[in-house]
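A quick write-up on the structure given underneath.
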Amino acid sequence: MAALSTSDVAVEPAVVDLSFTGVRELNAALHAPDVADKASAWRVTSPAGRHSIAVGLDAEVDVRIEGHVGYYCAGMNQLATVTVEGNAGVGVAENMMSGTVRVRGNASQSAGATAHGGLLVVEGSASARCGISMKGVDIVVGGDVGHMSAFMGQAGRLVVCGDAGDALGDSVYEARIYVAGAVKSLGADCVEKEVRPEHLAELAGLLHAAGIDADATSFRRYGSARRLYNFHVDNASAY
Amino acid sequence: MLRESATFDRATIAEIQRAAETGIYDIRGGGAKRRVPHFDDLLFLGASMSRYPLEGYRERCDTDVVLGDRHATYPLHLSTPVTIAGMSFGALSGRAKEALGRGASEVGTSTTTGDGGMTPEERGQSKHLVYQYLPSRYGMNPDHLRAADAIEVVLGQGAKPGGGGMLLGQKITERVAGMRTLPMGVDQRSACRHPDWTGPDDLEIKIGELREITDWEKPIYVKIGASRTYYDVKLAAKAGADVIVLDGMQGGTAATQDVFIEHVGIPTLAALPQAVQALQEEGLHRQVQLVVSGGIRNGADVAKCMALGADAVAIGTAALVALGDNSPHLDEEYRALGSAAGFYDDWQAGRDPAGITTQDDELAARLDPVAGGRRLANLIRVMTMEAQVIARACGKAHLHSLEPEDLVALTIEAAAMARVPLAGTSWIPGQGGL
Ligand SMILES: Cc1cc2nc3c(=O)[nH]c(=O)nc-3n(C[C@H](O)[C@H](O)[C@H](O)COP(=O)(O)O)c2cc1C
């Protein structure tokens with residue numbers, strides 16, 4: 001398959017044009033055990049909103065996707081750096097384990113859902129349920145997030161430079177949430193918490209890692225009140 | 001003479017008293033306890049003049065089954081259609097998972113992980129391991145996805161269609177908490193909906209993603225709790241499932257509200273023919289395999305499922321009983337917990353004297369995984385042989401050759417649900433509707 005041939009010397013990025021090559025061939029090439037030796041940099045053109053682009057990567061490769069992607073782009077990512085030069089559909093970087101995923105545009109629902117690790121940066125805004133059930137990932141959103149973001153978030157950090165929609169952090173466990181703008185409402189058991197120096201430091205670190213220029217002191221912190229951790233009849237209405 | 005009310009019987013009164021006392025609903029393990037139409041309400045028509053039986057022990061009656069050969073490079077080849085249902089590490093001890101793996105591998109069948117991820121105990125012992133993909137995604141790990149032999153997307157369970165999971169704080173030990181990324185000792189709620197897809201159109205895309213991640217090697221199962229089975233099976237098959245796992249309302253659970261177990265979902269018997277009809281109408285019966293669970297106890301149940309069109313069955317409760325759950329030897333200990341051998345269902349509580357549904361190291365040490373595995377293998381062998389006995393009597397050289405025509409029903413309800421005639425008549429009530 002000509003589109004996937006790469007030179008022996010990994011200087012030039014491998015280029016895959018999805019108007020000629022299928023997502024299956026792209027992913028198979030990216031899953032090859034020696035992918036990083038063949039080409040550590042990949043350019044994917046004409047993604048045209050296709051689903052499941054660059055999913056299940058498990059190597060230190062740099063994948064640049066030039067355009068918009070559909071559902072689950074970079075799903076379950078490990079080690080790789082994936083950049084979407086456009087908008088991303090539902091579940092970008094879902095269940096990511098490590099590596100970095102960057103969306104230059106906006107992201108649809110459930111961005112970074114259940115992700116265990118790595119860094120997800122959405123330079124634009126993210127829709128509802130951003131960071132739902134997050135389990136250790138760091139998510140930095142340059143714009144706003146929709147309702148129910150960080151729902152049941154278990155671990156990791158969600159940084160929102162703009163505003164947050166309704167029910168932020170509903171039923172959150174140990175995930176930490178930072179929002180610079182307005183929060184429409186907090187979900188069950190989510191409360192505002194004091195920003196201490198260690199929080200300012202971690203926030204500055206996250207903003208720096210994300211390459212987003214924002215003032216850490218302008219953020220407020222939210223997290224679990226831990227009142228719903230064990231069922232108590234007097235809290236029944238909160239469930 | 002004392003007269004007990006049928007409406008306010010002693011169990012009902014006790015439950016009202018308990019609710020008033022505690023202010024919380026009753027959570028328990030096991031499946032529905034009420035009597036519902038079930039496989040016991042069906043009988044086989046053995047061969048006689050018009051049918052030719054096979055000679056037991058001499059003429060072959062095969063039991064093998066291939067699961068997931070529609071799209072996957074490596075479908076599962078099992079020696080028996082009796083598989084082990086998904087039961088989580090967390091609900092069960094690591095040693096119980098190991099025992100399940102040992103028993104299943106001995107007889108050439110599969111086990112299934114559960115909420116809470118894949119353990120080395122189970123992966124190590126299970127020749128064929130199905131990895132569940134649940135709404136909670138606890139411990140979901142692409143390395144485990146790749147290490148699995150099949151992937152099961154769980155939409156629901158028969159005990160609680162529409163419900164999420166629950167693992168009470170006393171079972172969240174350090175290891176369980178670590179695998180689920182949760183603080184120790186919290187009541188763990190698993191979501192009832194998947195976090196990154198909603199309807200059947202999304203499911204199709206999700207299945208596509210899972211196939212892409214695993215390079216189309218592994219069969220993808222979809223598990224549903226029996227409720228709107230006809231439509232759910234059609235939608236799951238259209239979404240690309242290779243195998244559909246259908247769990248009826250009698251299906252066991254580790255921890256669910258009693259009201260949910262007893263009042264939501266439909267019996268396995270009522271759901272199975274709907275699933276088969278749905279697959280037949282799509283031209284996918286036997287291409288998309290159907291695994292049925294919920295109250296499967298013996299070879300007769302297996303044979304009846306096969307005759308109604310299932311490709312395989314899955315057992316949960318029966319497997320735990322084989323490992324030693326509810327053993328009469330433990331009666332005294334069960335009584336100390338307010339139960340008795342044959343009645344114990346506090347699988348949510350973590351104090352299981354049999355060492356199966358617990359995370360307490362001392363209790364768990366009571367279960368010898370080798371001996372437990374052997375007992376499970378025995379049970380599966382017996383179930384398989386019993387099904388063969390029936391199939392041969394019906395003249396069938398493979399369990400899958402059993403057919404509805406081999407069955408009659410003992411009750412009008414069972415006849416209507418199973419869509420076979422009431423015994424001694426040619427009457428199938430309810431034909432003409434779904
Ligand atoms: C202890 C226990 C734990 C279970 N855990 C899960 C689970 O994690 N995921 C799941 O899909 N089903 C789970 N189930 C349901 C079983 O997979 C299966 O549907 C059911 O047990 C079948 O019915 P049976 O118990 O009558 O054989 C569990 C059942 C039991 C008894």
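The values are calculated or read from the model by the stated rules, or taken from the named source; none is laboratory data. Model, not experiment: these values are computed from the prediction. All Cβ positions, even for glycine, are placed from backbone atoms using ideal geometry, and neighbour counts span all protein chains on display. To get the accessible areas, we keep the full protein, side chains included, count just its heavy atoms, and leave off ligands, DNA and RNA. Shrake-Rupley method; radii C 1.70, N 1.55, O 1.52, S 1.80 Å.
Examine segment B:313-328 for a residue that is within 30 Å of residue B:228 (Cα to Cα), part of a loop (DSSP other than H, G, I, E, B) and in contact (Cβ under 8 Å) with a residue 24 or more places away in the chain, and state whether such a residue exists. Checked against the condition, which is being within 30 Å of residue B:228 (Cα to Cα), part of a loop (DSSP other than H, G, I, E, B) and in contact (Cβ under 8 Å) with a residue 24 or more places away in the chain, segment B:313-328 yields at least one hit. Note on segment B:148-186: residues that are closer than 21 Å to residue B:240 by Cβ and within 16 Å of the ligand (Cβ to nearest atom) amount to 8. When residues in segment B:192-217 are screened for being farther than 19 Å from residue A:111 by Cα, charged (D, E, K, R), open to solvent by less than 20 Å² (accessible area, probe 1.4 Å) and assigned to a loop (DSSP other than H, G, I, E, B), 0 of them pass. Scanning segment A:79-99 for residues that are more than 10 Å from chain B (Cβ to nearest Cβ) and over 16 Å from residue A:56 (Cβ atoms) yields A:83, A:84, A:85, A:86, A:87, A:88. Evaluated against (1) open to solvent by 10 Å² or more (accessible area, probe 1.4 Å); (2) away from the ligand (no atom under 13 Å from the Cβ); (3) more than 9 Å from chain A (Cβ to nearest Cβ); (4) not small (Gly, Ala, Ser), residue B:189 falls short on exactly one condition, (3).
Taking segment B:228-253 as the range and being assigned to a loop (DSSP other than H, G, I, E, B), away from chain A (no Cβ under 14 Å) and more than 14 Å from the ligand (Cβ to nearest atom) as the test, the residues that pass are B:228, B:241, B:242.
If you go through segment A:161-180 and keep only what is in contact (Cβ under 8 Å) with a residue 24 or more places away in the chain and away from chain B (no Cβ under 11 Å), you end up with A:161, A:162, A:165, A:168, A:169, A:172, A:176, A:177, A:178, A:179, A:180. Would you confirm, using the coordinates I've provided, whether residue B:143 is open to solvent by 10 Å² or more (accessible area, probe 1.4 Å), closer than 19 Å to residue B:317 by Cα and within 14 Å of chain A (Cβ to nearest Cβ)? No; evaluated as a whole, the condition is false for this residue. Helices (runs of 4 or more DSSP H) fully within segment B:344-426 that include at least 2 residues being over 30 Å from residue B:257 (Cβ atoms): B:369-393, B:412-418. The criterion of at least 3 residues that are open to solvent by less than 20 Å² (accessible area, probe 1.4 Å) is met by the following strands (runs of 3 or more DSSP E) wholly inside segment A:158-238: A:176-179, A:220-224. Of all residues in segment B:27-43, at least one satisfies being within 14 Å of chain A (Cβ to nearest Cβ) and open to solvent by less than 80 Å² (accessible area, probe 1.4 Å). Among all positions in segment A:133-153, there is no residue which is more than 22 Å from residue A:100 (Cβ to Cβ) and hydroxyl-bearing (Ser, Thr, Tyr).
Cβ-Cβ contacts under 8 Å between residues 6 or more apart (or on different chains), taken from a first residue in segment A:13-37 that is in contact (Cβ under 8 Å) with a residue 60 or more places away in the chain to a second residue that is open to solvent by less than 20 Å² (accessible area, probe 1.4 Å) and assigned to a strand (DSSP E or B), are absent.
State all residues of segment B:272-302 that are buried (at least 24 other Cβ atoms within 10 Å of the Cβ) and within 16 Å of the ligand (Cβ to nearest atom); if no residue qualifies, say none. Listed by number, the residues that qualify are B:272, B:275, B:290, B:291, B:292, B:293, B:294, B:295, B:296, B:301, B:302.
Among the residues making up segment B:204-241, those that are of a type in the set (Asp, Glu) and either under 30 Å from residue B:36 (Cα atoms) or touching a helix residue (DSSP H, G or I) at 6+ places or on another chain (Cβ under 7 Å) (or both) are B:212, B:215, B:232.
When you check residue B:256 against the structure, is it in contact with a helix residue (DSSP H, G or I) (Cβ under 7 Å, 6 or more places away or on another chain) and not aliphatic (A, V, I, L, M), yes or no? No: the conditions fail for residue B:256. Taken over segment B:255-270, residues that are at pLDDT 95 or above and assigned to a loop (DSSP other than H, G, I, E, B) amount to 4.
Collect the residues in segment A:59-78 that are facing chain B (nearest Cβ under 7 Å) and open to solvent by 10 Å² or more (accessible area, probe 1.4 Å), keeping them in residue-number order. Walk me through how you get there before you give the answer.
Taking segment A:59-78 first, the residues facing chain B (nearest Cβ under 7 Å) are A:71-72, A:75-76, A:78.
Selection gives A:71, A:78.
Might you check whether a residue that is surrounded by fewer than 21 Cβ atoms within 10 Å (Cβ to Cβ) and part of a strand (DSSP E or B) occurs anywhere in segment A:20-35? The answer is no; no qualifying residue exists.
Tell me, yes or no, whether segment B:377-389 has at least one residue that is acidic (Asp, Glu) and surrounded by 18 or more Cβ atoms within 10 Å (Cβ to Cβ). If you could, list the steps in order and put the result at the bottom.
In the first step, residues of segment B:377-389 are kept if they are acidic (Asp, Glu); the result is B:386.
Checking the rest, the ones that are also surrounded by 18 or more Cβ atoms within 10 Å (Cβ to Cβ) come to none.
No: segment B:377-389 contains no residue that is acidic (Asp, Glu) and surrounded by 18 or more Cβ atoms within 10 Å (Cβ to Cβ).
In segment B:20-32, the residues that are of a type in the set (Val, Ile, Thr) form Cβ pairs under 9 Å with partners that are assigned to a helix (DSSP H, G or I), at six or more places apart or across chains, as follows: B:22/A:233; B:24/A:233; B:24/A:236; B:27/B:258.
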